[in-house]
Amino acid sequence: AAHVAGVLSLEDAAVLVAARGRLMEALPEGGAMVAVGAGEGQVRPLLVPGVDIAAVNGPAAVVLSGDEEPVLRVARELSGQGCRTRRLAVSHAFHSARMEPMLEEFRRVVEGLSFAAPEIPVVSNATGELVDAEVVCSPTYWVEHVRSAVRFADGVRALAEYGVSTYLELGPDGTLSAMGRECLDEGQAAFVPALRREGDETRALVTALATCHTRGVHVDWATAMGGTRTGSVDLPTYAFQREHYWLVGEHRGVGDVASAGLAGVEHPLLGAVMEVPGS
């Protein structure tokens with residue numbers, strides 16, 4: 001997102017992503033992450049040392065992360081309150097205190113990158129709000145981004161407040177689109193995944209672009225089709241252009257009706273008259 005907005009060049013964005021992944025992977029494995037069907041307000045009072053909120057994905061969707069024993073204990077307590085819980089299959093407890101040993105080395109990497117003010121607005125999933133250049137161009141922001149919770153739900157609501165009604169998910173499936181629908185009232189916005197885990201990727205991407213197009217989003221179709229309009233076809237005339245196939249005369253009125261045994265009449269409604277038989 002930062003690259004698309006012009007904050008980072010493609011090269012620097014790749015350096016940041018690769019360093020973040022490499023340093024995370026180098027950390028000792030362990031810990032646990034558990035998705036909980038509860039709101040942040042219900043979960044936060046139950047937190048104990050070794051347990052952090054890793055993500056707020058919806059009004060009733062929070063992810064716990066941290067040391068295995070206390071995380072599972074808090075999850076059991078929430079389950080006893082009737083909340084759904086599901087342990088995530090992960091190698092590390094991301095967005096928790098277990099990430100802290102990598103932060104200083106990651107800071108050294110980020111400090112070597114070049115940042116620029118965003119050319120389009122960016123909503124941060126670390127703050128859940130629109131961020132300005134001072135924040136997003138700071139190495140400290142990117143270091144804290146590793147440790148802090150992902151405030152996805154807040155970000156979606158912030159976009160809605162700015163009038164966004166169509167959300168295009170760039171990823172391998174529709175996971176975020178499903179989560180986004182839970183953050184807003186039904187029918188308030190459309191969430192469009194660019195790809196689906198199953199099915200043809202080309203069809204899925206073109207369908208996503210077409211869906212955005214029908215919702216009033218401008219799509220540069222020449223670019224989307226590889227720089228040309230090859231493969232596009234004109235829409236058929238029906239039902240957008242109607243053509244009539246019956247004859248249309250130029251004259252008005254009833255014409256000569258004598259051959260039908262009728263006589264003309266000057267009347268605003270009647271076109272002809274017939275005499276009543278005398279016998």
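The values are calculated or read from the model by the stated rules, or taken from the named source; none is laboratory data. Since the structure is predicted, the reported quantities are computational estimates derived from the model, not experimental observations. Every residue, glycine among them, receives a Cβ derived from its backbone with ideal geometry; neighbour counts consider all protein chains shown. Keep in mind that these areas ignore ligands, DNA and RNA; they rest on the heavy atoms of the full protein, side chains included. Shrake-Rupley method; radii C 1.70, N 1.55, O 1.52, S 1.80 Å.
Among the residues of segment 189-205, those that are open to solvent by less than 90 Å² (accessible area, probe 1.4 Å) and either within 18 Å of the chain's Cα centre (by Cα) or among the acidic types (Asp, Glu) (or both) comprise ALA189, ALA190, PHE191, VAL192, PRO193, ALA194, LEU195, ALA204, LEU205. Per this entry, VAL122 is counted among residues that are modelled with pLDDT under 95 and either open to solvent by less than 60 Å² (accessible area, probe 1.4 Å) or of a type in the set (Phe, Trp, Tyr) (or both). Among the candidates ALA18, ALA1, the residue that is over 16 Å from ARG76 (Cα atoms) and more than 24 Å from the chain's Cα centre (by Cα) is uniquely ALA18.
Evaluated against (1) touching a Pro at 6+ places or on another chain (Cβ under 7 Å); (2) modelled with pLDDT under 95, ALA2 falls short on exactly one condition, (1). Suppose the filter is in a helix (DSSP H, G or I) and aliphatic (A, V, I, L, M); does VAL90 pass it? Against the criterion (in a helix (DSSP H, G or I) and aliphatic (A, V, I, L, M)), VAL90 does not qualify. The single condition from (1) in contact (Cβ under 8 Å) with a residue 40 or more places away in the chain; (2) loosely packed, with under 12 Cβ neighbours inside 10 Å that ALA97 fails is (2).
Does segment 102-116 hold any residues that are assigned to a helix (DSSP H, G or I) and either within 31 Å of the chain's Cα centre (by Cα) or buried (at least 16 other Cβ atoms within 10 Å of the Cβ) (or both), and which are they? Scanning segment 102-116 gives MET102, LEU103, PHE106, ARG107, VAL109, VAL110. Scanning segment 191-210 for residues that are without any contact (Cβ under 8 Å) to a residue 40 or more places away in the chain and under 24 Å from VAL164 (Cα atoms) yields PHE191, VAL192, PRO193, ALA194, LEU195, ARG196, ALA204, LEU205, VAL206, THR207, LEU209, ALA210.
Identification of strands (runs of 3 or more DSSP E) wholly contained in segment 1-68 with 3 or more residues that are at negative phi and either open to solvent by 30 Å² or more (accessible area, probe 1.4 Å) or in contact (Cβ under 8 Å) with a residue 40 or more places away in the chain (or both) yields 32-36, 51-58. If you go through segment 132-182 and keep only what is of a type in the set (Ser, Thr, Tyr) and not in a strand (DSSP E or B), you end up with SER138, THR140, TYR141, SER148, TYR162, SER165, THR175, SER177.
Looking across segment 132-148, the residues that are open to solvent by 20 Å² or more (accessible area, probe 1.4 Å) and of a type in the set (A, V, I, L, M) come down to ALA133, VAL135. Just one residue in the set MET179, MET225 is open to solvent by 30 Å² or more (accessible area, probe 1.4 Å), under 21 Å from ALA61 (Cα atoms), out of contact with any Asp or Glu (no Cβ under 7 Å at 6 or more places or on another chain) and not charged (D, E, K, R); that residue is MET179. Of all positions in segment 84-91, none carries a residue that is open to solvent by less than 50 Å² (accessible area, probe 1.4 Å) and either at pLDDT below 95 or in contact with a helix residue (DSSP H, G or I) (Cβ under 7 Å, 6 or more places away or on another chain) (or both).
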